[in-house]
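Structure record follows, encoded as structure tokens.
The numbers here are math on the coordinates, done by the rules we state, and not lab data. Worth saying up front: this structure is predicted, and the values here are computed from it rather than measured. Cβ coordinates were reconstructed from backbone atoms using ideal geometry, including for glycine residues, and neighbour counts include every protein chain displayed.
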Amino acid sequence: MKVSEPLGGSGQFSIGVHIDGAMVRCRYLSLLNYLNMAYDVKDYQIVGPDWMTSEHFDIVAKRPEGVEGEPALRGMMASLLEDRFQLKMHRETRDLPAYALVVGKGGLKIKEVPPGPDDADNSKVDVNVTGGGRGGTTVSLGPGSYLTYGLNKVEAKKVTFPSIMDTLSKLMDRPVVDMTGLTGRYDFSLEYSVTELKNLVRASGADASQIPDFGGEQPSIFTSVESLGLKLEARKAPVKVIVIDSVQKTPTAN
């Protein structure tokens, strides 16, 4: 682990997590990004010093033999952070500003997709990410279920509303809680503004400064959600958070 070098001015750089076999390479990520990965929490669930978003670090690690699966990798990352940053933290629940996703007064305006033969088999669910070019990025959520992110909208096919709470939370300035009571799967699209897109990109740990302005009138996620017969209501909700008690700004040497 080391402090990241400044990004070059050539316009070509590598940021994010790259896994090749047993090797895990993380480039130019903030401590907040690493805490997201280690403890499976969102930005708004972390209470700590402001510098956690501005300082960046690189990690190159070899996954020990027998360490497989997401929970084991998260545990490995948590141990590394606690050791190298002398990290001390605790968990608690706080009432935080949030948005509740509810069904609007006029009722839902989209139809439920009929269940398929593989819908009940949770053992086959595998999250996979492909693309990232002009065609957008597609996140597969299992048999026939996926999200495709374009420049100014996300296309959802055969998804449940709980499965898009993370996307909505990243587009917004606060967490979104599913209070629709809907358990089915649906096809729909959601458009968002350039400001909301930049929120999504920043929440994913990437640089949002290169995103161009769409130009013209832009829909907001609020109006897009209302077109589905849903509504985002501002309220407070109990949210589980981790509180950083102490952390070193510079990790210990290799």
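Can you tell me, using C-alpha contacts under 8 Å and at least 6 residues apart, the relative contact order of the chain as a whole percent?
Result for the chain is 27 percent.
Over all directions, average the projected area of the Cα convex hull of the chain and note it in nm².
So the mean shadow area of the Cα hull is 15.8 nm².
List the pairs from Lys2/Lys157; Lys157/Lys240; Lys111/Lys240; Lys42/Lys231 whose alpha-carbon separation is above 31 Å, in the order I gave them.
Too far apart for the 31 Å limit: Lys2/Lys157; Lys111/Lys240.
Among 138-145, 108-115, how do they line up by average Cβ neighbours within 10 Å per residue, starting with the highest?
Output ranking for 138-145, 108-115: 138-145, 108-115.
Based solely on its DSSP helices, what 222 nm [θ] is calculated for the chain when runs of n ≥ 4 H residues each add -39,500 (n - 2.57) and the sum is averaged over all residues, nearest 500 deg cm²/dmol?
Helix-only estimate at 222 nm: -5500 deg cm²/dmol.
Mind checking which aspartates and glutamates have their Cα closer than 20 Å to the Cα of Lys105? Skip sequence neighbours fewer than 8 apart in that chain.
Asp178, Glu226, Glu233
Taking the DSSP beta bridges in the chain as the whole, what percent of them are antiparallel, to the nearest 5?
Taking every DSSP beta bridge within the chain, about 90 percent pair in antiparallel fashion.
Report the residues of region 25-42 in range of a label on Ala237: point 7 Å along Cα→C-beta, backbone N strictly under 15 Å from it.
Inside the label zone: 42.
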